[in-house]
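Worksheet: the structure to be examined is printed underneath.
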Amino acid sequence: MPKKALIGVNNVARNIKQIYIGVNNVARKVKRAYIGVSGIARIWWDRSVGTLSKAADADPLSLGRSRMGNANTGNVYTLFAFGGISGGNSNRVDYYSASLVHSYTTVNPGRFGVAGASIGNYAIFGGGNDYNQFAQGPGTNYVNAFDTNITASVPTALGFSPLDPAGANNPSYAFIAGGSNMHGDATSYVYNNVEAYNANLVKTAAPALSQYKALLAGASVGNYAIIAGGNSYSLSSWNVGTNPTITPSNTVEAYDTNLVKTTAAALSVARAELRGARNRDFALFGGGNSNAVDAYDANLVHYTPTGLSSANGNIRLHVGASTGGYAIFCSGVGTYSTDGLFATAYDINLTRYLPTPVTVQRQFASGGSIANYALIAGGSDSSGAYPTTVEVYKEI
């Protein structure tokens, strides 16, 4: 939570709620104040971040499903797109406004395991599998975009066909990176491709990842889109009977607004099935058969804040979301049936907080962010059902 300051009133310490300073005869609110300690500026007052709490659930999804993509159309809507259902996939796209008004549309082809990324007024969804989430079928190169009116368009297709690629964005581009295309009876592929779409939906090939990776994660901070972790494969393609070497990766690669790639400091723990989230000052990567959390600031300086709060420290298939001032990780699965009933949040000082946990444990859920809300939606529970519940965290 924000740094506190107290003032004595009638011999009682009272919390200071706001501080103002006069600028050209106008009262301006102080968001942060610093004091020098041993020659270092330390924050003693911080009201740039609000208080985080669990709010009432939003309207439910129009259809319960897992492995949806999430992205925003500017500041107007956050979208939960496509997804897997029992024995197939969905073409549903649910969207929530900044006041959590809910509606949905449909766009073909339906598929699951898409990546979502945002750029300008567009939410972009790329890749996925249009077959059956319980069988090994072909990945796709489909790309769909939605504008602030939820008008759908079809940008240039991807040059590869990934299932579960990573999505991320910087101020100039939305990125789709990595992923796999596994077949039980034909050639399988794992990709190092990275492709970028600008605010006019023009596609450009970005520098490739240094490894062929699946089950990787994306997050954003400042001028960088960051792609981290995953399983690294020794082969980009192989036929039935060939077994590539699979190694958890700690590699972190960042793309700036000129599509220049930088290798950032490695993750503290090499891992796949991690998730990305962000607050205003950091991109964070949490979980992945680990409770480790790695954070990167706008200069790609690496930090390792206190880990996730899940009881057994091996959470995966969980959710990352943001309220703006807080990055939140929750839900997922672990060793025991209740491991996913947790929530861990990190503010812009990388201080860890434990808000009220989620009440629905689910894997392959999706996290979305709009205004000062973080939404947790979809996924499948331990019984194999697809909850429609949308849980909400709010920053006030």
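Listing for the model above:
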{"read-out": "Added length on full extension, which subtracts the Cα-Cα distance from 0.36 nm per residue, VAL76 to TYR104", "value": "8.7 nm"}
{"read-out": "Segment ASN223-ASN149, extension gain: residue separation times 0.36 nm, minus the distance between their alpha carbons", "value": "24.0 nm"}
{"read-out": "Assigned charges on the beta-carbon of Lys, Arg, Asp, Glu; the chain dipole about Cα centre (debye)", "value": "1240 debye"}
{"read-out": "Order of SER180, SER210, SER383, SER188 - criterion: other Cβ atoms within 10 Å of each residue's Cβ, fewest first", "value": "SER383, SER210, SER188, SER180"}
{"read-out": "Ascending count of other beta-carbon atoms within 10 Å, so fewest first, for LYS261, LYS213, LYS31, LYS203", "value": "LYS31, LYS261, LYS203, LYS213"}
{"read-out": "Around SER331: net Lys/Arg minus Asp/Glu count, Cβ-Cβ under 9 Å", "value": "0"}
{"read-out": "Members of LYS29/LYS54; LYS213/LYS261; LYS31/LYS261 lying beyond 22 Å, as alpha-carbon distances in this model show", "value": "LYS29/LYS54; LYS31/LYS261"}
{"read-out": "Cα centre as origin, Lys/Arg/Asp/Glu Cβ charges: segment 210-317 dipole, Debye", "value": "200 debye"}
{"read-out": "Full-stretch length increase - ALA5, VAL202 - with 0.36 nm per residue and alpha-carbon distance subtracted", "value": "66.0 nm"}
{"read-out": "Packing-based exposure ordering (other Cβ within 10 Å, fewest first) of TRP44, TRP238", "value": "TRP44, TRP238"}
{"read-out": "Net +/- balance of residues flanking GLN361 in space, Cβ distance below 12 Å, scoring K and R +1, D and E -1", "value": "-2"}
{"read-out": "Modelled FRET efficiency - R0 35 Å, LYS261 with LEU354, Cβ distances, 0.05 increments", "value": "0.45"}
{"read-out": "Positive dipole terminus of segment 6-46, leading residue within ILE40, GLY8, VAL23 (C-beta point charges)", "value": "VAL23"}
{"read-out": "Options ALA157, PHE80, VAL107, ranked by Cα towards positive dipole end of the chain, top entry (Cβ charges)", "value": "PHE80"}
{"read-out": "Nitroxide proxy distance, nm - points 7 Å out along Cα→Cβ at HIS302 and ALA385", "value": "4.3 nm"}
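Rule-based calculations on the coordinates, nothing more; no lab input. Given the structure is predicted, the values throughout are model-derived calculations rather than measurements. Positions of Cβ are generated from backbone atoms using ideal geometry, with glycine treated the same way; all protein chains shown enter the neighbour counts.
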